[in-house]
Protein chains: 2
Amino acid sequence: MTETAAVTKTLAQWAVGLKGSDIPEAVRAEGVRTFVNWLGCAVGGASHETVDRALDAVRLFTGPARAQVIGRADRLDELHAALVNGISSHVLDYDDTHLKTIIHPAGPVASAILAVSEGRGISGADFLTALIVGVEVECRIGNSVYPDHYDRGWHITGTAGVFGAAAATGRLLGLTEQQMTWALGIAATQSSGFREMFGTMCKSFHPGRAAQNGAMAAFLAKAGFDSSERAIEAPRGFANVMSTKQDYTEILGELGTRWEAALNSYKPFACGIVIHPAIDGCQQLREQLGDRVEAIAKVELTTHPLVLELTGKKTPKTGLEGKFSVYHAAAMALLHGDGSPTAFTDEAVRDPKVIALRDRVSATADTGIHEDAVKIAVTFNDGERITLDVAHAVGSLEKPLSNAAINEKFVRQSIPVIGEAATQRLLDAGWALETASDVGAITAMSAVSA
Amino acid sequence: MTETAAVTKTLAQWAVGLKGSDIPEAVRAEGVRTFVNWLGCAVGGASHETVDRALDAVRLFTGPARAQVIGRADRLDELHAALVNGISSHVLDYDDTHLKTIIHPAGPVASAILAVSEGRGISGADFLTALIVGVEVECRIGNSVYPDHYDRGWHITGTAGVFGAAAATGRLLGLTEQQMTWALGIAATQSSGFREMFGTMCKSFHPGRAAQNGAMAAFLAKAGFDSSERAIEAPRGFANVMSTKQDYTEILGELGTRWEAALNSYKPFACGIVIHPAIDGCQQLREQLGDRVEAIAKVELTTHPLVLELTGKKTPKTGLEGKFSVYHAAAMALLHGDGSPTAFTDEAVRDPKVIALRDRVSATADTGIHEDAVKIAVTFNDGERITLDVAHAVGSLEKPLSNAAINEKFVRQSIPVIGEAATQRLLDAGWALETASDVGAITAMSAVSA
């Protein structure tokens with residue numbers, strides 16, 4: 001395939017023409033898991049300070065209150081709801097991951113189309129098709145430029161996510177092929193977000209803004225606002241300007257038979273994916289050890305080098321810093337079996353018992369260890385030594401999170417925000433997505449009273 | 001200066017700390033010219049189809065109607081008004097130019113702060129200071145990465161403009177240094193817009209969106225939404241991710257003594273700046289020739305090579321294409337003395353008389369000719385030949401547009417949109433900016449009845 005293929009136009013044609021029945025059952029089922037996982041994360045993150053601050057600004061400008069902010073009392077216009085829900089769903093670093101690109105796919109796409117669906121009488125089946133189309137579009141575009149694009153410093157969840165939001169919203173709005181091509185172009189020319197923002201509120205702003213901007217791209221295109229029809233592949237378009245790699249077969253190859261949307265994975269732990277093997281292993285050890293956890297003299301981790309590069313913080317001071325400390329994460333998993341958001345609070349990081357164990361954890365990088373694996377050796381005060389190898393962390397494609405685990409993750413996040421009864425109703429509605437006659441009814445269940 | 005200097009923070013401190021009285025009188029005077037020129041362009045572009053289509057989408061989502069859309073009946077929330085006014089002011093390619101970077105400075109900045117000023121009781125003097133701060137910030141950031149950034153394919157008016165809009169809006173909102181640093185960071189991580197969009201509606205979307213996004217960055221920062229404090233200079237920040245050149249002395253050097261805002265220029269003609277010398281020269285010839293224009297056998301232009309590269313279209317079919325045809329532009333200037341938007345309509349381009357003369361225009365590239373210059377030789381049917389050399393086109397820094405010419409440009413654009421009386425009131429109010437007690441009063445004058 002040459003660079004001059006009509007990449008943008010062909011992708012737009014596919015996104016418009018696809019029927020829900022063209023999507024294999026397994027892919028649709030994965031789409032439902034993607035939705036339920038995202039919904040739980042959006043509720044779970046809704047009471048975060050980042051969301052408070054975004055809402056303080058957004059409330060000044062919101063249009064007609066037609067869309068629910070998940071896990072809050074606010075109703076906003078669709079675009080602002082998309083922004084805020086996108087922030088909520090990513091702010092705990094607990095959402096989903098397309099492992100080939102490190103895109104967190106649902107944030108930009110689901111946030112956009114759930115907000116847009118309200119009041120438009122969209123069925124669950126149509127919503128699910130749009131969700132899958134959006135995820136497919138963003139992950140394929142991500143594949144075409146990854147890793148060069150990411151390595152240069154782009155936060156790919158934002159930069160590729162905006163295309164997914166545009167395509168999915170465009171489906172719901174019934175765009176023509178021409179309009180969908182424009183929507184992808186208007187999305188492209190808003191593609192933005194730096195990895196420099198990691199560790200700040202702007203990290204979760206990226207999927208939120210991608211949702212909002214992608215949705216707006218679709219509405220503009222519907223109104224006849226035009227753009228380049230070669231926004232992805234032109235010499236001065238997305239792939240050439242924002243990446244040194246451009247592989248358009250990743251975008252157009254096997255469209256409708258290879259499903260990137262089926263490769264989504266769900267985080268079992270509320271932190272960067274590289275320390276998941278260590279947490280998984282330490283949780284397993286805890287179950288074996290019981291009270292003997294108290295008698296640990298030292299814990300030795302052997303990990304992929306990236307683990308220390310990204311999460312090598314020895315003495316984290318805040319909950320956020322705790323997410324970048326494999327030592328803290330291992331100690332919390334051994335002591336409390338916890339890798340959920342409560343494992344990464346300021347309180348948890350400052351707990352003297354956790355600190356005492358954390359200080360006994362050491363880690364060695366080994367290029368022979370896969371990113372998805374870890375070797376753990378625990379030595380007790382009496383000199384005994386046991387070891388455990390994790391080949392694939394829970395949540396990986398080889399060991400996917402079960403529906404039951406997704407439920408548990410959902411419930412643990414949601415109950416503190418909207419209570420037990422509403423959590424159960426919302427969770428049930430999430431799993432029943434495909435048979436819902438009106439998706440708008442789902443969001444109302446996530447509201448909290450003012 | 002090393003890359004590790006606190007570029008973003010230092011720039012934020014300057015933007016917050018500057019007093020209006022620190023700005024030299026000549027720079028303030030240039031700021032007023034910048035404002036008046038921008039205001040006329042925003043009125044002139046307001047009835048363009050691009051604006052109609054943007055408004056069709058925007059009206060669905062607008063918040064409280066607190067800000068006037070210039071030259072229209074609509075009132076929108078401040079951010080959406082900033083978007084639409086930014087589109088209007090750029091859509092005719094008739095606005096202002098910082099020649100060192102080809103940034104069109106006023107669009108992102110003035111569109112943001114005029115909308116935000118309404119209802120906030122902002123004085124003209126404070127508005128002017130904010131305008132100058134915003135223009136200074138965007139042009140300095142532009143200088144730091146130009147030309148590499150532009151050559152890569154970024155539409156610098158959008159990518160640098162968002163910083164200017166954030167800084168100027170931040171001034172009006174009274175941000176602290178910390179908040180201004182965040183605002184620049186939130187702006188940075190939204191920096192976007194491809195040159196691929198030239199020739200489509202997205203070109204003018206870029207300054208509009210930069211105005212809207214930059215303003216939102218300031219409101220978010222005021223609400224405590226944080227970002228990286230090194231968004232411009234970090235290894236994964238703006239300058240490194242979006243450019244191969246990073247010259248931070250352009251941003252921090254001689255702050256407060258070297259004024260990029262004083263280097264703004266105003267287009268006498270509604271098209272790309274490279275064909276301005278040819279139009280200027282042909283207009284001069286027309287004044288000399290009178291009726292003899294009818295007897296021209298051929299017109300030979302000798303131009304900088306860029307003129308043919310960018311505007312070498314021999315047979316334009318639409319008004320927009322006419323902007324990319326030095327042949328059409330020369331013919332219109334010789335026949336009608338016109339380089340205003342009316343010279344670039346579909347009608348003008350299809351006029352048989354214009355086409356007949358256009359076909360007799362030829363152009364030769366010569367690397368010895370400055371970008372700002374042209375040599376013209378006219379041969380008549382009787383064999384006589386006259387020549388004219390333009391060393392610097394009107395509108396250049398060497399031959400700046402006079403206030404009278406800015407007035408004429410304003411009036412020609414504004415009267416067809418808001419009528420003669422309103423045009424005169426608005427123009428007077430523009431020039432009186434510095435003594436206005438409330439800038440909000442100015443925008444009301446630009447409204448048309450529904």
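The values are calculated or read from the model by the stated rules, or taken from the named source; none is laboratory data. Treat the numbers as computed from the prediction; the structure is a model and nothing was measured. FYI the Cβ positions are ideal-geometry reconstructions off the backbone, even for glycines, and counts take in every protein chain you see.
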- Query: If a residue has to be at pLDDT below 95 and either of a type in the set (K, R) or touching a strand residue (DSSP E or B) at 6+ places or on another chain (Cβ under 7 Å) (or both) to count, how many in segment A:403-450 make the cut?
  - Reply: 5
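Looking at segment A:297-307, which of its residues are closer than 15 Å to A:H328 by Cβ and part of a helix (DSSP H, G or I)?
Once the filter is applied, which keeps residues that are closer than 15 Å to A:H328 by Cβ and part of a helix (DSSP H, G or I), segment A:297-307 yields only A:V307.
So for segment A:332-352 (the condition being β-branched (V, I, T) and touching a Pro at 6+ places or on another chain (Cβ under 8 Å)), does at least one residue qualify?
Within segment A:332-352, the subset β-branched (V, I, T) is A:342, A:345, A:349.
Those still in the list that are touching a Pro at 6+ places or on another chain (Cβ under 8 Å) too: A:349.
Yes, segment A:332-352 contains at least one residue that is β-branched (V, I, T) and touching a Pro at 6+ places or on another chain (Cβ under 8 Å).
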- Of all the residues that make up segment B:146-200, how many are touching a residue at least 12 places away in the same chain (Cβ under 8 Å), of a type in the set (D, E) and farther than 19 Å from A:Q190 by Cβ? 2
- Message: Checking the conditions here, which among A:I141, A:I87 is under 18 Å from A:Y248 (Cβ atoms), in contact with a Phe, Trp or Tyr (Cβ under 9 Å, 6 or more places away or on another chain) and at pLDDT 95 or above?
- Response: A:I141
- Note on the structure: Being surrounded by fewer than 24 Cβ atoms within 10 Å (Cβ to Cβ), in contact with a Phe, Trp or Tyr (Cβ under 8 Å, 6 or more places away or on another chain) and either more than 10 Å from chain B (Cβ to nearest Cβ) or part of a helix (DSSP H, G or I) (or both) narrows A:V16, A:V27 down to just A:V27
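Listed here are the residues, each with its yes/no results for (1) in the same structural domain as A:A343 (by TED's automatic domain parsing); (2) more than 11 Å from the chain's Cα centre (by Cα); (3) without any contact (Cβ under 8 Å) to a residue 12 or more places away in the chain.
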site	(1), (2), (3)
A:A12	no, yes, no
A:V16	no, yes, no
A:W38	no, no, no
A:G44	no, yes, no
A:A57	no, yes, yes
A:A65	no, yes, no
A:I70	no, yes, no
A:L83	no, yes, no
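Quick check, is B:A404 small (G, A, S), over 18 Å from the mean Cα position of the chain (by Cα) and surrounded by 13 or more Cβ atoms within 10 Å (Cβ to Cβ)?
Details: small (G, A, S): yes; over 18 Å from the mean Cα position of the chain (by Cα): yes; surrounded by 13 or more Cβ atoms within 10 Å (Cβ to Cβ): no.
So B:A404 does not fit the description; no.
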- Task: Go through (1) in a helix (DSSP H, G or I); (2) under 23 Å from the mean Cα position of the chain (by Cα) one by one and return the number of the condition B:E294 breaks.
- Result: (2)
- Unmet requirement for A:L397, which otherwise passes all of (1) part of a helix (DSSP H, G or I); (2) surrounded by fewer than 15 Cβ atoms within 10 Å (Cβ to Cβ): (1)
- Checked segment B:58-75 for anything within 9 Å of chain A (Cβ to nearest Cβ) and either at pLDDT below 95 or buried (at least 22 other Cβ atoms within 10 Å of the Cβ) (or both); matches are B:V58, B:F61, B:T62
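Going through segment B:97-136 one residue at a time, which ones are among the charged types (D, E, K, R) and not in a loop (DSSP other than H, G, I, E, B)? Talk me through it step by step, then tell me what you get.
Start the filter on segment B:97-136 by keeping residues that are among the charged types (D, E, K, R), which leaves B:100, B:118, B:120, B:126, B:136.
Answer for segment B:97-136, where residues must be among the charged types (D, E, K, R) and not in a loop (DSSP other than H, G, I, E, B): B:D126, B:E136.
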- surrounded by 17 or more Cβ atoms within 10 Å (Cβ to Cβ), out of contact with any Phe, Trp or Tyr (no Cβ under 8 Å at 6 or more places or on another chain), in the same structural domain as B:P277 (by TED's automatic domain parsing) and part of a helix (DSSP H, G or I) - does that describe any residue in segment B:359-382? no
- B:V448 fails exactly one of the following numbered conditions: (1) over 26 Å from B:T97 (Cβ atoms); (2) under 20 Å from the mean Cα position of the chain (by Cα). What is the number of that condition? (2)
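Within segment B:302-323, is even one residue over 25 Å from the mean Cα position of the chain (by Cα) and under 16 Å from B:G272 (Cβ atoms)?
Kept after step one, since they are over 25 Å from the mean Cα position of the chain (by Cα), are these residues of segment B:302-323: B:302, B:314-315, B:317.
Restricting the remaining residues to those that are under 16 Å from B:G272 (Cβ atoms) gives none.
Among the residues of segment B:302-323, not one is over 25 Å from the mean Cα position of the chain (by Cα) and under 16 Å from B:G272 (Cβ atoms), which makes the answer no.
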- Query: Within segment A:137-171, how many residues turn out to be part of a helix (DSSP H, G or I) and within 14 Å of chain B (Cβ to nearest Cβ)?
  - Reply: 16
- Message: Name the single residue that is farthest from A:Q212 (Cα to Cα) among those in segment B:209-256 being more than 11 Å from every other protein chain (Cβ to nearest Cβ) and part of a helix (DSSP H, G or I).
- Response: B:T249
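Can you name the residue in segment B:172-208 that is assigned to a helix (DSSP H, G or I) and touching a His at 6+ places or on another chain (Cβ under 6 Å) and is also farthest from the other protein chains (Cβ to nearest Cβ) among such residues? Give the derivation first.
The initial filter retains those residues of segment B:172-208 that are assigned to a helix (DSSP H, G or I), namely B:172, B:177-188, B:195-197, B:202-208.
Of the ones still in play, those that are also touching a His at 6+ places or on another chain (Cβ under 6 Å) are B:195, B:204, B:206-207.
Numbers: B:R195: 5, B:S204: 10, B:H206: 7, B:P207: 12 Å.
Going through the qualifying residues, I end up with B:P207.
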- Task: Kindly provide the set of residues from segment A:315-353 that are free of Cβ contacts under 8 Å to residues at least 40 places away in the same chain and of a type in the set (K, R), ordered by number.
- Result: A:K317, A:R350, A:K353
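Please find, within segment B:257-281, the residue that is surrounded by the fewest Cβ atoms within 10 Å (Cβ to Cβ) out of those that are part of a helix (DSSP H, G or I) and touching a strand residue (DSSP E or B) at 6+ places or on another chain (Cβ under 7 Å). Before you say what the answer is, go through the steps one by one.
Taking segment B:257-281 and keeping what is part of a helix (DSSP H, G or I), we get B:260-263, B:273-281.
Add one more test, that the residue is touching a strand residue (DSSP E or B) at 6+ places or on another chain (Cβ under 7 Å), and what stays is B:260, B:263, B:273, B:277-278, B:280-281.
On the way: B:E260: 23, B:L263: 18, B:I273: 21, B:P277: 30, B:A278: 30, B:D280: 26, B:G281: 26.
Among residues in segment B:257-281 that are part of a helix (DSSP H, G or I) and touching a strand residue (DSSP E or B) at 6+ places or on another chain (Cβ under 7 Å), the one surrounded by the fewest Cβ atoms within 10 Å (Cβ to Cβ) is B:L263.
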- Given (1) buried (at least 19 other Cβ atoms within 10 Å of the Cβ); (2) touching a strand residue (DSSP E or B) at 6+ places or on another chain (Cβ under 9 Å); (3) farther than 22 Å from A:Y146 by Cα, number of the condition A:I87 does not satisfy: (2)
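Select from segment B:282-293 the residues that are crowded, with 16+ Cβ neighbours inside 10 Å and among the charged types (D, E, K, R) and list them in ascending order. Can you show your working first?
The initial filter retains those residues of segment B:282-293 that are crowded, with 16+ Cβ neighbours inside 10 Å, namely B:282-286, B:289, B:292-293.
Across segment B:282-293, the qualifying residues are B:R286, B:R292.
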- What do you reckon, is B:A81 more than 10 Å from chain A (Cβ to nearest Cβ), modelled with pLDDT of 95 or more, crowded, with 24+ Cβ neighbours inside 10 Å and over 25 Å from B:W259 (Cα atoms)? yes
- State all residues of segment B:201-217 that are hydrophobic (A, V, I, L, M, F, W, C) and without any contact (Cβ under 8 Å) to a residue 60 or more places away in the chain; if no residue qualifies, say none. B:C202, B:A217
- Output yes when any residue across segment A:59-81 is touching a strand residue (DSSP E or B) at 6+ places or on another chain (Cβ under 9 Å) and polar (S, T, N, Q), and no when none is. yes
- Query: All but one of (1) among the hydrophobic types (A, V, I, L, M, F, W, C); (2) under 17 Å from the mean Cα position of the chain (by Cα); (3) over 27 Å from A:A57 (Cα atoms) hold for B:A29; which doesn't?
  - Reply: (2)
- Query: Hey, any hits in segment A:86-105 for a residue that's within 12 Å of chain B (Cβ to nearest Cβ) and over 20 Å from the mean Cα position of the chain (by Cα)?
  - Reply: no
